[in-house]
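Okay, so here's the structure we're looking at.
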Amino acid sequence: MSRIFSGIQPSGELHIGNYLGAVKNYAELQRSYESFFCIVDYHAITIPYEPEDLRARTREMMVSLLAAGLDPSTSTIFVQSMVPQHTELAWIFNSVTPLGELERQTQYKDKASRMESVPAGILNYPILQAADILLYRADLVPVGEDQVQHLELSREIARRWNARFGAEFFPEPQAKLTPARRIMGLDGNAKMSKSMGNTVGLLEPPDSVWEKLRPAVTDPARVRRTDPGTPEVCNIYHLHRAFSPPDVVANVETQCRTAGWGCIECKKVLFEHMNKELAPIRARSVEIRARPEIVDQVIGDGAATARRVASETMREVKERMGLV
Ligand code: TYM
């Protein structure tokens, strides 16, 4: 069976961007692949943070992942810092990664341009990401579009290490994208992300979701209620494609192009379908929170399984590299 691996930052609760772009796909794929899902707290410490807050966000992310359908009876779901081999392999990959490749990464350039003093961890971030994936010798990595460049670098690192130390030892991992590979924030300006403050939480109460949806940006050409629109340029239409059934999506297209519906009506229909999908997830999160011992158990078991696989990889890596 092929293996998949994916990582997610402990940003607390999931939002509909990382849910639609990645986590919903994890939940699908875990039925057909041997799966490893990792909350990447070592990646999170490359930007300023509060220790107690990080611990709470890591746990909260685990609750979100379980509520969204990740199944610990078939998948290994774990916290990165509990498996020390991730940083061990990252150090090794430091020695085969060209500096120029790191400096070319868009995410590095974005983050660094906003910082006065840039920690080396921001530059080396994709090396740790390559170690995450290759430690489990995963073939496939379900991610959103923003991670594609990091994945290219992971393949480059695998190729370089293989060429030097062991042909074909590491597979070249491929990205597995979804149609919802890039969900925009409701401001319509940028990718939905916590750092942009434009998210809709996966577990957010319906009233507050509607408060965000109601004023959300739509097709700017629809100034008056009677102006026809172009669904493809409207973020609400793209959310319909992610949440609403195909017949509803087809109707949304017609109603938009003919100005049959106003944008508020269109948003009400979206809200209804979002709720259908999100209500059971919210309900599961309440059940999981009521039983913290389940979360502890998943965290402990996940780390134990991950460590077993990771230490086997490291044994072979060290042997091939002449490390005692
Ligand atoms: P992170 O935590 O930013 O995002 C987690 C996953 O969600 C996807 N995503 C989105 N997809 C569509 N639209 C959006 N608005 C959106 N926002 C987030 C991301 O593409 C990602 O798949 N560097 C990674 C974490 C990581 C990782 C790994 C991923 C560390 N090691 C190994 C894969 C494999 C990150 O910061 O993701």
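The values are calculated or read from the model by the stated rules, or taken from the named source; none is laboratory data. No experiment lies behind these values; they were computed from the predicted model shown. Cβ sites come from the backbone with ideal geometry, for glycine too, and all protein chains shown count toward neighbours. Remember, those area values only see protein heavy atoms, side chains included, never the ligands or the DNA or RNA. Shrake-Rupley method; radii C 1.70, N 1.55, O 1.52, S 1.80 Å.
Structure values in brief
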| read-out | value |
| --- | --- |
| Length-normalised contact order for the chain - Cα pairs under 8 Å, 6+ apart - percent | 23 |
| Sequence-distant residues sharing a close amide H with V79 (under 5 Å, placed H) | I39, A303 |
| Cα-Cα P(r), the chain, percent of pairs per 10 Å interval | 5, 24, 31, 23, 12, 4, 1, 0 |
| Residues F169 and Y49, FRET efficiency given R0 of 45 Å [Cβ-Cβ distance, rounded to 0.05] | 0.80 |
| Members of K191/K276; K194/K276; K212/K268; K111/K212 lying beyond 21 Å, as alpha-carbon distances in this model show | K191/K276; K194/K276; K111/K212 |
| Distance from the stretch 194-237 to the stretch 86-120 (C-alpha centre basis), Å | 35 |
| Solvent-accessible area per residue for the chain (1.4 angstrom probe, square angstrom) | 47 |
| Per-pair calculated FRET efficiency, R0 = 51 Å: S2 and A283 via Cβ, rounded to 0.05 | 0.95 |
| Distance cut-off 22 Å, percentage of C-alpha pairs in the stretch 204-286 lying past it | 24 |
| Relative contact order %, the stretch 204-286, counting alpha carbon pairs below 8 Å whose residues are six or more apart | 31 |
| Cα→Cβ-extended label distance, 7 Å offset, between A112 and Q297, nm | 4.7 |
| Structure-based [θ]222 nm, the chain - -39500 (n - 2.57) summed over DSSP H runs of at least 4, per residue, nearest 500 | -17000 deg cm²/dmol |
| Carbon and sulfur %, accessible surface of the stretch 204-286 computed with the full protein complex present, 1.4 Å | 60 |
| Calculated FRET value between S208 and E28, using beta carbons and R₀ = 25 Å, to 0.05 | 0.35 |
| Evaluated at q = 0.11, 0.18, 0.21 Å⁻¹: base-10 log I(q)/I(0), Debye formula over Cα of the stretch 180-324 | -0.59, -1.03, -1.27 |
| Electrostatic dipole magnitude of the chain [Cβ: Lys, Arg +1; Asp, Glu -1; Cα centre; debye, to 20] | 340 |
| The stretch 16-162: projected area of the alpha-carbon convex hull, averaged over directions, in nm² | 9.1 |
